[in-house]
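Structure, as structure tokens:
The values are calculated or read from the model by the stated rules, or taken from the named source; none is laboratory data. Note that the coordinates shown come from a computational prediction; the quantities given were computed from them, not determined experimentally. With ideal geometry, Cβ positions are generated from the backbone for all residues, glycine too; neighbour counts draw on all protein chains shown.
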Amino acid sequence: MLLEDKAPPMRIPFTLLYIALIVAVNYAFTVVPLVELPDGTKWPPVSLLVGFVFVARDFAQREIGHRVLLAMLVGVGISYFMANPFVAAASAAAFLVSELADWAVYTFTKRPFSERVLYSSVLGAPIDSAVFLGGIGILTPVGVIAMTASKLLGALIVWWMVRRREQAA
């Protein structure tokens, strides 16, 4: 077989980043303490990083297509063994529901990439927040709003950067 006949190695940096972020965020939820808001609601500051997980999923889907769902399962599986199983189970439930919603929006809306990143995050973030907070037993309306806003901050930063690139092209 000639060297030219070999398929090029698959480049999957965003897929690896996506899996690593899932594991890192789940681990961080077990070691970073909750912050009490003025009304007594508990808010996890790690949620500031979760918005980047949603966006990393969109980039990973550009790399590997629908196999991104397998990458999600790998990340959740590793998390279950590396993080607190209670947190990992709540996170797994939240990821399964919110990431499937995120995947559906990204897959079925035939919009520019930046818009799909934004729309999928706007749908996925509140779902993830409600399911996760419910799973760990601290579900409140203020908690869902605070956690959703935290997640959307990361998504908005990346959306803005991608949109600027699209407009410059």
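Free of Cβ contacts under 8 Å to residues at least 12 places away in the same chain, under 17 Å from residue 23 (Cα atoms) and of a type in the set (Phe, Trp, Tyr): which single residue out of 81, 108, 95 fits that description? I'd like the intermediate steps shown before the answer.
Numbers: 108 fails: under 17 Å from residue 23 (Cα atoms); 95 fails: free of Cβ contacts under 8 Å to residues at least 12 places away in the same chain.
81 is the lone residue from the list that is free of Cβ contacts under 8 Å to residues at least 12 places away in the same chain, under 17 Å from residue 23 (Cα atoms) and of a type in the set (Phe, Trp, Tyr).
Of all residues in region 126-142, which are assigned to a helix (DSSP H, G or I) and touching a Pro at 6+ places or on another chain (Cβ under 9 Å)?
Of the residues in region 126-142, the ones assigned to a helix (DSSP H, G or I) are 126-135, 141-142.
Scanning region 126-142 gives 132, 133.
Mind telling me which of the residues 79, 91, 150 ends up being in a helix (DSSP H, G or I) and at pLDDT 90 or above? Show your work before the answer.
On the way: 79 fails: at pLDDT 90 or above; 91 fails: at pLDDT 90 or above.
150 is the lone residue from the list that is in a helix (DSSP H, G or I) and at pLDDT 90 or above.
One residue is enough: does region 50-60 have a residue meeting the conditions basic (Lys, Arg), touching a Leu at 6+ places or on another chain (Cβ under 6 Å) and under 20 Å from residue 151 (Cβ atoms)?
Initial filter on region 50-60 (basic (Lys, Arg)): 57.
Add one more test, that the residue is touching a Leu at 6+ places or on another chain (Cβ under 6 Å), and what stays is none.
Among the residues of region 50-60, not one is basic (Lys, Arg), touching a Leu at 6+ places or on another chain (Cβ under 6 Å) and under 20 Å from residue 151 (Cβ atoms), which makes the answer no.
Of the residues 57, 62, only one is of a type in the set (D, E, K, R), assigned to a helix (DSSP H, G or I) and within 20 Å of residue 93 (Cα to Cα); which? Steps first, answer last, please.
Working: 62 fails: within 20 Å of residue 93 (Cα to Cα).
Residue meeting the stated conditions: 57.
So in region 1-34, with the set limited to residues that are of a type in the set (Gly, Ala, Ser) and modelled with pLDDT of 90 or more, which one is farthest from the chain's Cα centre (by Cα)?
Applying the filter and picking the extreme gives 28.
Please find, among 139, 133, 118, the residue that is touching a Leu at 6+ places or on another chain (Cβ under 8 Å) and surrounded by fewer than 21 Cβ atoms within 10 Å (Cβ to Cβ). Break it down stepwise before answering.
Numbers: 133 fails: surrounded by fewer than 21 Cβ atoms within 10 Å (Cβ to Cβ); 118 fails: surrounded by fewer than 21 Cβ atoms within 10 Å (Cβ to Cβ).
Of 139, 133, 118, the one residue that is touching a Leu at 6+ places or on another chain (Cβ under 8 Å) and surrounded by fewer than 21 Cβ atoms within 10 Å (Cβ to Cβ) is 139.
Determine whether region 113-123 contains at least one residue that is in contact (Cβ under 8 Å) with a residue 40 or more places away in the chain, in contact with a strand residue (DSSP E or B) (Cβ under 6 Å, 6 or more places away or on another chain) and over 24 Å from residue 78 (Cβ atoms).
The answer is no, given that none of the residues of region 113-123 is in contact (Cβ under 8 Å) with a residue 40 or more places away in the chain, in contact with a strand residue (DSSP E or B) (Cβ under 6 Å, 6 or more places away or on another chain) and over 24 Å from residue 78 (Cβ atoms).
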